[in-house]
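Here is the structure we will look at, set down as structure tokens.
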Amino acid sequence: MCRRSAAAVALSVLIAAAAGPAHAAWTTPTTLGPSGATDRGATEPGPRAAVGTDGSVLATWVRSARSETTVDAAIGDDRGHFAAAQRLGKGLRPAVAVGRDGAALVVFEGTGGLRIAVRRPGAERFAAPRVVVPQPTNGAEDTFPLVGVLPGGDALLVYEHDLRVKGRYTTGLRAVQLDLATGRRQGATQRLGDLSLPRGATLEHGPGGALFLLTSINLPTPYGYTAGPPVVLGWGAGSAPSTRFSPTAPGGFAEGVLTGDGSTRLALSGVDAVLRGDAGSSGRPIAMSLQDDPLAAPSPFAGPRIPLPRRTFGAVAAPVAGGAVGLVWQQKTRPEGFSREAPVMATTISATGRPGTTVRLSARKGSEPQIAALEGGAITVWDDAGRLAAARRTSRGWARIAPPRGAVVRFHDYVTNRQLVTAGTSAVFIWEAERSIRLSVLRG
């Protein structure tokens, strides 16, 4: 009996991954409205979505028209039915959150400072936006707002506060509590310190339903700062963090991503970088599970064995049943310069930190896998050489599933042009297609 070649084994693993169990289908993609794509190139439409436990789905994005950018929003449900889009005003980088009863907030960088628009439960439209954080008068800027719902039902707004003094650029984080129903401020603004947000940062629900955020310590340089060790902040209630956790990370930790399951655990992922550059960092993909109150890591960072860590990057992870973590990353088959396109791989790290079998989810040149916890498992969606692809991690392991239908706009700037979110048994994927914003729902 002859041995099978390594290539044959890899092919069989790929076939097994593609032959996974059937799951509910994604809804026919809804076209929410025009995007920021123009004949002159791409901008930052930054589409974002939030799902309420009442089945409401809220979406927001940036639309470019001639020389101005406006923030648009749409209100729908988990069957993929949406009302006509609403223009909220001139602005950039919107964030959205929705409560249990369907009350929702959109916060964005707009005229006069950070602006907020409120949707009352059952309303078909958002109220007219107003300034919630006035523009500073000392030349500083408030940017990259994030908004989420606290366990008590109020909302939390976190944002970067940037200031240039005597040629030196500084950044800190600030937070303010908001009434979810009215959008009005509750108490004073909290200064969280010399911290900054990693690319693609989100507020995640984790242990106790609290909100958690991955940040990094700012290490001073002659002209500003560089990102230092990671810090996870948590809010049980109010605008002051109740948790400040500093995970023991390798010195090369980069491209950190935090993902929560909504109630009990978090997963922190990234790469132990061996190569850094303008196109990002490459290195061994690693992840850890975070749980309990106060926040703790039951085992240290762990990841699969990687023979050529210079060719791996883009690690994302989500907590799955049994204290394990589902880990997805990209891995090149050969050197390709600054390209961030590569086959997509996955594994599961046990509660004790032991990585399982590596599965190749796609041999095509993919990009930007995103992951979210779903029903004790995880779901991931990525750009698979211009078309969408998806996979799901269940008790039987990783398996390809049917993706949302459609193509994606591959180029974007600092803010990514797609997002995967989950709540209960539903997953929502929102993305920029050619000159439009699309959204599809997967219901369990």
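The values are calculated or read from the model by the stated rules, or taken from the named source; none is laboratory data. Quick caveat, the model's predicted, so the values are computed rather than measured. No Cβ is skipped: glycine too gets one built from the backbone with ideal geometry, and neighbour counts run over all protein chains shown. We work out accessible area using only protein heavy atoms, side chains counted, and drop any ligands, DNA or RNA first. Shrake-Rupley method; radii C 1.70, N 1.55, O 1.52, S 1.80 Å.
Centre-to-centre separation between the Cα atoms of the range 94-118 and those of the range 192-234: 21 Å. When K166, K365 are compared by accessible area at a 1.4 angstrom probe, the order from most to least is K166, K365.
Mean separation of Cα pairs under 8 Å and 6 or more residues apart, divided by the residue count, gives the range 325-444 a relative contact order of 16 percent. Largest mean-square fluctuation among S35, S56, S246, in a Gaussian network model of the chain whose springs join Cα atoms under 10 Å apart, belongs to S246.
Solvent-accessible area assigned to carbon and sulfur over the range 368-430 amounts to 50 percent, based on a 1.4 Å probe.
Under the criterion of Cα pairs below 8 Å and six or more residues apart, the relative contact order for the chain equals 15 percent.
Free of any chymotrypsin sites (Phe, Trp or Tyr not before Pro) that DSSP assigns to a loop and that have at most 11 other C-beta atoms within 10 Å, the longest stretch within the chain is 1-222. Among I371, I306, I116, which one shows the biggest mean-square fluctuation in a GNM of the chain, springs joining Cα atoms closer than 10 Å? In the Gaussian network model the winner is I306.
Shown here: P(r) over Cα pairs in 20 Å bins from 0, in percent, derived from the displayed model; of the candidates [x] 23, 51, 25, 1; [y] 26, 61, 12, 0; [z] 24, 59, 16, 1, it corresponds to [y].
Treating the beta-carbon of each Lys and Arg as +1 and of each Asp and Glu as -1, no other charges, what is the dipole magnitude of the range 97-150 about its Cα centre, to the nearest 20 debye? List each step's numbers first, then the result.
Working: 6 positive and 5 negative charges, 54 e Å.
It works out to roughly 260 debye.
Ignoring ligands, DNA and RNA, what accessible area per residue does the range 329-413 give at 1.4 Å, in Å²?
Numbers: 3650 Å² over 85 residues.
Accessible area per residue: 43 Å².
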